[in-house]
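To start, the structure itself, in C-alpha cells.
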2 protein chains.
Amino acid sequence: MRFSPLVDELIQALKCLPGVGPKSAQRMAFQLLERDRVAGRKLADVLAQSMSDVGHCQTCRTFTEEKQCPICASAKRSQQGTICVVETAADVLAIEAGGHFLGRYFVLLGHLSPLDGIGPEELGLALLEQQLASDDVKEVILATNPTVEGDATAHFIADMAKRHHVTVSRIAHGVPVGGELEYVDSTTLALSFNGRVEL
Amino acid sequence: MRFSPLVDELIQALKCLPGVGPKSAQRMAFQLLERDRVAGRKLADVLAQSMSDVGHCQTCRTFTEEKQCPICASAKRSQQGTICVVETAADVLAIEAGGHFLGRYFVLLGHLSPLDGIGPEELGLALLEQQLASDDVKEVILATNPTVEGDATAHFIADMAKRHHVTVSRIAHGVPVGGELEYVDSTTLALSFNGRVEL
Ligand SMILES: [Zn+2]
Ligand SMILES: [Zn+2]
C-alpha cells in the first residue's frame, strides 16, 4: 500500500522525464502538491498545448508551432546564404547562445544510423537537397557531432552539397579554449592533431 | 531570438520542478517533443487532475484524493493504536518501504518554525490532539528530523501526548547500520553517543 491512486500515478508519470528516477519523481510530486499548485497547473496546460500544437519548421525542421521558426522567418538570416547543419534543436540553442553565426540552420533531428533504420529520409535530406539546389544557398557548414555517425552524416551531406556546387565546410574540433590539455579526452586530442594548422 | 513562444514557454514551465535548471528543462522539452508525446500528454493530464483533486487525508494529513488515505482507511493499521508522527509525506514512503511499522501516521507537512510563521495550527496539531484524546491511541512515535526545529516539534508533541497519558517515544538517531564510523557526520555521531545504551 502506498499513496492514493492519483498521487501514485503522478509520481509514475513524472518518470517519463529524462533523468528523473523514482526518488526525484516523488520529490517533484510532493513539492508541486505542497507548495506550487499554480506552477503545476501552468505546466500541465503548457505541456498539453505543446504536445498537440508544436510541429516542425517547414524549412529547417526545428520545433515550432508556426509554419516557420523565427530564425527561418527572418529575411536577414536567410539572405546570408549560409546553412548550418546540426543534429538537434539543442545544438541550435548552443550556437545561438554564442551569437556569432548569422545564417540559418537545418536540424537533422538525429544522424545516419542504418542499424536503427535511420536513413536520409528520416533526416529530411530531400528537403535539404531542395534548398541546396536553389540559388539562395552559398555555403553549408556541417556541425554534426564528432562521432562515427556524425562524421558519416557529415560526409553524406558534403557529397550532396558538392553535387550542387555549394561550398561545404565542417566546424573545427579540438582542445577547447581555456581547456587544459591534460584534461582533454584522447579523441578530442587526436582530432586537434589531425586538424592542426600550419603557421 | 530563440524558439517559438510555445517551446520557450514549455522550457520555462518545466523549471518549476525541483532540481530542474535551464539545461535540464531544455533537454526534457526536446525529449518529450521528439520521442515521447504520448507520455507528455499523459503527464499533462495526470498533473492537471492531481493539482485540482488531491487534497489531504482528514485523519493523517498526507496527500490523497479520497477523504482518507489507504493507510488510515485500513482498520488493521488503525487498530494498532500507534501513531508515527513525521514531517513529510516522503517520510511515510521511506518508513513504509521498510515494512516494519504497522500503525498509522500523522504527517505534519513541516515543523515548528516561528520565524516562518509556522506554529501548531499550521502543523494540524489540534487534529492530532483530538486523536490523542480518544481512547484508540496507545502510543505516539516521534520521527521528526534530528534538527533544531524537528527536535522542538518533537518536544511540543511529547508534552501534548503526556497530557493525554499516551506513551510517547522518539526514534533513535545514530550511526546507520553498515555505515562506517569515520564517514558519519559529527552531529549524527554526537547523537549516537548521547543515545548510547548500557549493556
Ligand atoms: Zn526554421
Ligand atoms: Zn491518512
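Values computed for the structure shown
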item: Answer residue from region B:63-72, given it is within 13 Å of A:PRO5 (Cα to Cα) and open to solvent by less than 50 Å² (accessible area, probe 1.4 Å) and is nearest to ligand 1 (Cβ to nearest atom) among those; result: B:PHE63
item: Within region A:5-57, tally of residues that are farther than 21 Å from B:GLY19 by Cα, at the interface with chain B (Cβ under 7 Å from one of its Cβ atoms) and surrounded by 22 or more Cβ atoms within 10 Å (Cβ to Cβ); result: 1
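Residue-wise test of (1) of a type in the set (Asp, Glu); (2) surrounded by 17 or more Cβ atoms within 10 Å (Cβ to Cβ); (3) in the same structural domain as B:ASP91 (by TED's automatic domain parsing); (4) touching a residue at least 60 places away in the same chain (Cβ under 8 Å).
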| residue | (1), (2), (3), (4) |
| --- | --- |
| B:GLU149 | yes, yes, yes, no |
| B:ARG163 | no, no, yes, no |
| B:VAL175 | no, no, no, no |
| B:GLU180 | yes, no, no, no |
| B:ASP185 | yes, no, no, no |
| B:ASN194 | no, no, no, no |
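The values are calculated or read from the model by the stated rules, or taken from the named source; none is laboratory data. Quick caveat: nothing in here was measured; it's all calculated off a predicted structure. Virtual Cβ from ideal backbone geometry, glycine too; neighbours counted across all protein chains shown. These accessible areas exclude ligands, DNA and RNA; they are computed on the full protein's heavy atoms, side chains included. Shrake-Rupley method; radii C 1.70, N 1.55, O 1.52, S 1.80 Å.
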